[in-house]
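One structure is given here, and the rest of the page talks about it.
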Amino acid sequence: MVKKKKKLKKKKQTKPTIYYLLLGITFILVLFGIVMITSSSSSLALSRQNDSFYYLKRQSLSVAIGLVVMLIVSLIDYRKFKRLSIIFLALSISLLSFVIISGTVIYGSSRWVALMGITFQPSEIAKLAVIFFTASVLSNNKEITKKINSLLVPIGLPVLFTSILVLAQPDLGTTFAILITVFFMLFMAGARIRDLVMLSSAGFAAGMIFIMTAAHRRERFLAFLDPNSDPKSGGFQIIQSLLALGSGGVGGVGLGFSRQKFGYLPTPFTDFIFAIIGEELGLVGTTMIIILFIIFGFLGIKIAQKAPDRFGQLLAGGITSMILVQAIINLGAVTGMLPITGIPLPLVSFGGSSLIITLASIGVLLNISSSQKRRATRKVGIEGSNSRRRDGRSRLSRSSSGRSA
Amino acid sequence: MNAKKRQTKMRLSLLFYFLLICLVAVFSKLVKVQAMDAKKYEEMAVGQRITDHELTPDRGSIYDRNGEILALSTDMDTVFVTPYQIKKKWKSAKKIAAILGESTDTIFEKLDSDNGFAYLARKIDKEKADKLKELNIEGLGFVKESKRQYPLGRLASHIIGFVGLDNIGLSGLEIQYDNKLKGKPGKVITEQDINGYPIPGGKNTFIPSTNGSQLILTIDKEIQYKAELELSAAIEKYEAKGGNIIVMDPKSGEIYAMASLPDFDLNDFSNSESENFRNTAVTDVYEPGSTMKIITATAILEEKLFSPDSKFMLPGSIKIGGWLIKEAHGRGTEEFTLSSIVTRSSNVGATHIGKVLGKERMIKYIKRFGLNSPTNIDLPGESIGSLLSADLWSKSTIATVSFGQGTSVTSIEMIRAFSVIANHGVAVRPHLVDQIVSTRGKRTSLASEDSNVQVVSPRTASLMTEIMEDAVGTGTGKNAQIEGYSVAGKTGTAQKPNTDKPGYSGYIGSFIGYAPAKDPAIAILVTIDEPKGAIYGGVVAAPVFSSVGEFALQRLKVTPDQVDKGDKQQ
């Protein structure tokens, strides 16, 4: 009995501080989101759903599911996903295709799919699948990054194919997020700067062509460049968002006292929740969110740097990039610095699929962080890769080494 | 291998810094929006959700001195259209036109306009509005608008005046007291969501409107009616161009009646000639003629140059400054008294005493009697009589001014001057509004005695009254007699100067007087502009004075002062 207790205690101790910090930041962001969703959705919820707490209830359910999923994922050794990544990607590609054929149309996009009574967005799953797949391919072949041409078939084709399917939802924001994340992963994997510059210029050109060839995208983009040119339609959301932020001032109008949520901001609790935070809690609130995401990014990158193997490194880096890139795209849109692409603020915005997938990917991050060698927390950067790999193989070996120490 | 690891770590760090820079950029934008430009955005946000809706107050009513209503505001229906909401425009236009009695084309044009708003018809009958409502055409809107109504139509039209479509006073007392009558608009300020519904817990301010104050006039509706009736009868009889009548209390300046003909219908002023809108008793000047001899004679008595019994041997005509002054009715050389110069209205006599008075004193008394300054009556557009300045007087000017030619006055100035004599030498301010009653019932009396000044001594005034009593009793003003009352007054027959060329053409016959002579309750001025057939004030104007005066004295329950005398005469 005594031994067992000791064992449990030791096991707990093996989790590094960074694990708890990440968990803490995640909880804070999610709670922040729940509070703000309640505040910003209550009036809409009452008129649309006849229940002031409709969106709170749904988000709470998503949070509960998401936290359970996160916990489960955090207990699964991430290395097991390496071999499954190709299957994972194949699965999301088929789901994406399914959505295109028979998806539920919401807000003019067919992003949702109903499966066993639950609606969710396959593009959310695709984000994670692409990260897993890319990390897996890049870690399998260490020399692959030396010649960018050799990446075209193993990474380029599947990623592009998935992206096109996401784009066809149409979900421009998520497509951007996926492509930028993959680009960042190539960068961290050691791709030559020359190749990356080439890739990014090609991507930029393709992006511009894509925006300019569809009227509604072009309108949105031009509205972003000059919101006042068309304040009634195209620039409306950007202007209303800025009005919300400005109304908040430094201290905010107070929790629950947003005025912009009364129809002026079309999606006050999803894509534009940050604007409502800005209005109700002011610059203080928005700065807090930004600091939380900076800390999140810092922790994620640290976890990546300390990951026991290359797959873990790239996976952690990819997941962190994905969450931060989405946050930046969202914050950029809300503050009028980037065009509006319909990306939620990770962990904060209302939305089941996005929240659950984000929490699941944080579960992966947590697992990677708990897989790192304990010593690594003390002496960063000098340990050999062999020992780390041996240490990080399984929790069992770690606990045994702990016992022997 | 280690190099690769280090490179990855370094690149991860670089990536973090890149993400950090992006987030810091967002933060700096937030500082700009939420701190530096916050006011601007906040104002815009407030501007888009705060709406003001004005509540129009009721315009105050106007009553005569006995509470008879002269002007009031009633709610009428106004129909407007939101053109883009109208379906089947031509069909709708046809139906609407049939009800409003307008052409389908005009209505269609309004329904088809590019504006978001157009009036279809303003202030229409409830009946028509109800019929339009029954059509159930989407895009038609109905609001209540206050419409000014004048139940007595033409009566006192120049005094009351009228308002425009937007209920702003345009003439008469309606413009003079516009600030008091119009009231203060109220406001409903609401904070609205994007669909125009009030935001729960949002700002919701209601400032009630304050209705306009009511005016209680000095006018007596019945006297006004009688005055207008008699004046128009005289004008008709003598085919005159027009005329004025003013009935005033000489002691207080309260005006019982004031009319200028031609007049107009207050309820249909837009179809009247704007020429008729002028209240000529106040806005127009005329050369008074013989009524001016009262001023000359008063000045002589006040200056103690002669007494009423002073005798003068007067020729049939007199030459002065190259002009031959003649009498209205030719005569030989005769003996006159100062009194008979007035009662027989002798131009030669007036010239004679005028010369004795001299131009300085003549000008002084004209000014003291207020014939060259506004009476400050509470009506818009008051003119003042003109008087040549002393250095411009020619040799004949003293002669013509003495009997009322070559100088001009307004009717209101003239009745005020006569009232000075009636009122024992004290001038009063003529006025039309007795009291202003606020919606809360607060009464403000406008009568003030500040402007009352002693112009001539009571003795002079009573001597003049006696002379004028003779003028009515035995002189030119016999037609002005009122049974049972002593009357003092003076006739006037003046040549009208041409407006476009030198010289005179046409006449103005007038009579100004008051009764009872010793303690007057009323002073009346009557002028008849360009009468035909007869021109003399004693013929065309004095009878109007008599009948209106009799009516007014009875209505005001003034005790007759000559009952015995009248009986004896009979």
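Which one, B:ASN498, B:GLY67, B:ILE341, is farthest towards the positive end of the dipole of chain B when Lys and Arg carry +1 and Asp and Glu -1 on their Cβ?
Of the listed residues, the answer is B:GLY67.
In what sequence, highest mean first, do B:425-438, B:491-504, B:210-223 appear when ranked by Cβ atoms within 10 angstrom? Could you put the intermediate results ahead of the total?
On the way: B:425-438: 20.6, B:491-504: 15.3, B:210-223: 23.0.
The most tightly packed comes first, giving B:210-223, B:425-438, B:491-504.
Extension gain B:TYR504-B:LYS94, at 0.36 nm per residue separation less the Cα-Cα distance, in nm?
Additional length available on full extension: 141.6 nm.
What distance in nm lies between label points placed 7 Å from Cα along the C-beta direction at A:LEU152 and B:LYS237?
Here the modelled spin labels are 11.9 nm apart.
Using only Cα positions of region B:143-253, each an equal point scatterer, no hydration layer, compute I(q)/I(0) via Debye at q = 0.12 Å⁻¹ and quote the log10 values to two decimals.
Debye intensities relative to I(0), on a log10 scale: -0.64.
Quickly work out the B:GLU334-to-B:SER462 label distance, labels modelled 7 Å from Cα along the C-beta direction, and quote it in nm with one decimal.
3.0
Just grab the label-to-label distance for B:GLU102 and A:PHE161, each label 7 Å out from Cα along the Cβ direction, in nm (one decimal).
Computed distance between label sites B:GLU102 and A:PHE161 equals 7.0 nm.
Between the helical axis of B:347-357 and the dominant principal axis of chain B, each derived from Cα atoms, what acute angle in degrees is found, rounded to the nearest 10?
Helix B:347-357 and the main axis of chain B meet at about 80 degrees.
Quantify how strongly other chains surround peptide A:280-286 by giving the mean number of their Cβ atoms within 10 Å of each of its Cβ atoms.
Details: counts 0, 0, 4, 7, 1, 1, 6.
Mean shielding count: 3.
What translational diffusion coefficient, to the nearest whole µm²/s, does region A:202-346 have by Stokes-Einstein, given a Kirkwood radius computed over alpha-carbon pairs, a temperature of 37 °C and 0.692 mPa s viscosity?
Values: Rh = 16.5 Å.
The diffusion coefficient I find is 199 µm²/s.
What does the structure give for A:328-340 when I average, per residue, the other chain Cβ atoms found within 10 Å of the residue Cβ?
Details: counts 6, 1, 1, 7, 5, 0, 4, 9, 2, 5, 2, 0, 0.
That average works out to 3.
So, R0 is 25 Å and r is the distance between the beta-carbons of B:ASP309 and B:GLU360; what FRET efficiency does that work out to, to 0.05? Let's see the in-between values first.
Working: r = 26 Å, r/R0 = 1.04.
My answer for the efficiency is 0.45.
Can you compute 3J(HN,Hα) from phi for each residue in region A:359-371, using the Karplus curve 6.51 cos²θ - 1.76 cosθ + 1.60 with θ = phi - 60°, rounded to whole Hz and x for Gly and Pro?
5, 4, 5, 5, x, 4, 4, 4, 5, 5, 5, 7, 8
Quick one: if the Förster radius is 51 Å, what FRET efficiency do B:LYS131 and A:LEU71 give, using the C-beta to C-beta distance and rounding to 0.05? Don't jump to the answer; show the numbers that get you there.
Working: r = 73 Å, r/R0 = 1.43.
The formula returns an efficiency of 0.10 here.
Within the set of other residues whose C-beta is less than 11 Å from the C-beta of B:SER396, count the net charge using Lys and Arg as +1 and Asp and Glu as -1. It would help to have the intermediate numbers written out before the result.
Working: positive: B:LYS319, B:LYS355, B:LYS395; negative: none.
Net of charged neighbours comes to +3.
Once Lys and Arg get +1 and Asp and Glu get -1 on their Cβ, which of B:ILE246, B:VAL526, A:PHE132 lies farthest toward the positive end of the dipole of the protein assembly as shown?
Result: A:PHE132.
Using all alpha carbons of region B:395-530, what is the percent of pairwise distances in each 10 Å bin, ordered from the shortest bin to the longest?
11, 33, 31, 18, 6, 1, 0
Apply the Kirkwood formula to region B:225-381: the hydrodynamic radius equals the inverse of the mean of 1/r over all pairs of different alpha-carbon atoms; give it in Å with one decimal. Please report the intermediate quantities before stating the final value.
On the way: mean 1/r = 0.0538 Å⁻¹.
Radius from the Kirkwood sum: 18.6 Å.
Can you pull the three principal axis extents for the Cα set of the protein assembly as shown, in Å, largest first?
156, 58, 58
For the ranges B:509-515, A:282-288, B:156-162, what's the packing order if you count other beta-carbon atoms within 10 Å of each residue, average per peptide, and put the highest first? Write out the running numbers ahead of the final one.
Numbers: B:509-515: 31.4, A:282-288: 19.9, B:156-162: 26.3.
Descending mean neighbour count gives B:509-515, B:156-162, A:282-288.
Evaluate peptide A:256-262: per residue, the Cβ atoms of other protein chains within 10 Å of its Cβ; return the mean as an integer.
Details: counts 1, 2, 1, 12, 5, 2, 11.
Mean partner shielding for this stretch: 5.
Taking amide H positions as placed in the peptide plane 1.01 Å from N, state which residues far from B:TYR256 in sequence (5 or more) or on other chains have amide H under 5 Å from it.
When sequence neighbours closer than 5 places are left aside, the close amide H contacts are B:VAL247, B:MET248, B:ASP249.
Using only the alpha carbon atoms of chain B, find the Kirkwood hydrodynamic radius as the inverse mean reciprocal pair distance, in angstroms to one decimal.
Values: mean 1/r = 0.0354 Å⁻¹.
28.3 Å is the Kirkwood radius here.
Please sort by residue number the trypsin sites (Lys or Arg not before Pro) in region B:57-104 whose DSSP state is loop and whose Cβ has at most 13 other Cβ atoms within 10 Å.
Working: sites: B:ARG59, B:ARG65, B:LYS87, B:LYS88, B:LYS89, B:LYS91, B:LYS94, B:LYS95; in loops: B:ARG59, B:ARG65, B:LYS87, B:LYS88.
Filter output for region B:57-104: B:LYS87, B:LYS88.
Determine the sum of side-chain charges near A:LEU315: Lys and Arg each +1, Asp and Glu each -1, restricted to other residues whose C-beta is under 10 angstrom from that of A:LEU315.
That works out to +2.
For region B:465-480, take each phi angle, set θ = phi - 60°, evaluate the Karplus expression 6.51 cos²θ - 1.76 cosθ + 1.60, and give the result in whole Hz per residue in order, putting x for glycine and proline.
In residue order, the calculated couplings are 4, 4, 4, 6, 4, 5, 4, 7, x, 10, x, 6, x, 4, 5, 8 Hz.
Applying the Karplus parametrisation 6.51 cos²θ - 1.76 cosθ + 1.60 with θ = phi - 60° to the phi angles of region B:496-509, what ³J(HN,Hα) value in whole Hz is obtained for each residue in order, glycine and proline being reported as x?
Taking θ as phi minus 60°, the curve returns 8, x, 5, 8, 9, 9, x, x, 10, 8, x, 10, 10, x Hz for region B:496-509.
Name the long-range amide H neighbours of B:LEU432: under 5 Å, sequence gap of 5 or more, or other chain; modelled H, no Pro or chain starts.
B:ASP378
Taking H as built 1.01 Å from N, whose amide H comes closer than 5 Å to the amide H of B:GLU145, not counting residues under 5 places away?
B:MET76, B:ASP77, B:THR78
In terms of the ratio Rg/(2.2 N^0.38 Å) built on C-alpha atoms, what value belongs to region B:288-360? Show your work: numbers first, answer last.
Details: Rg = 11.4 Å, N = 73, 2.2 N^0.38 = 11.2 Å.
The value comes to 1.02.
Just the ratio, please: alpha-carbon radius of gyration of region B:1-152 over 2.2 N^0.38 Å, N its number of residues.
Numbers: Rg = 32.0 Å, N = 152, 2.2 N^0.38 = 14.8 Å.
Dividing the Cα radius of gyration by 2.2 N^0.38 Å gives 2.16.
Every number in this text was worked out from the coordinates using simple rules, so none of it is lab data. None of the values given here were measured: they were computed from a predicted structure. All Cβ positions, even for glycine, are placed from backbone atoms using ideal geometry, and neighbour counts span all protein chains on display.
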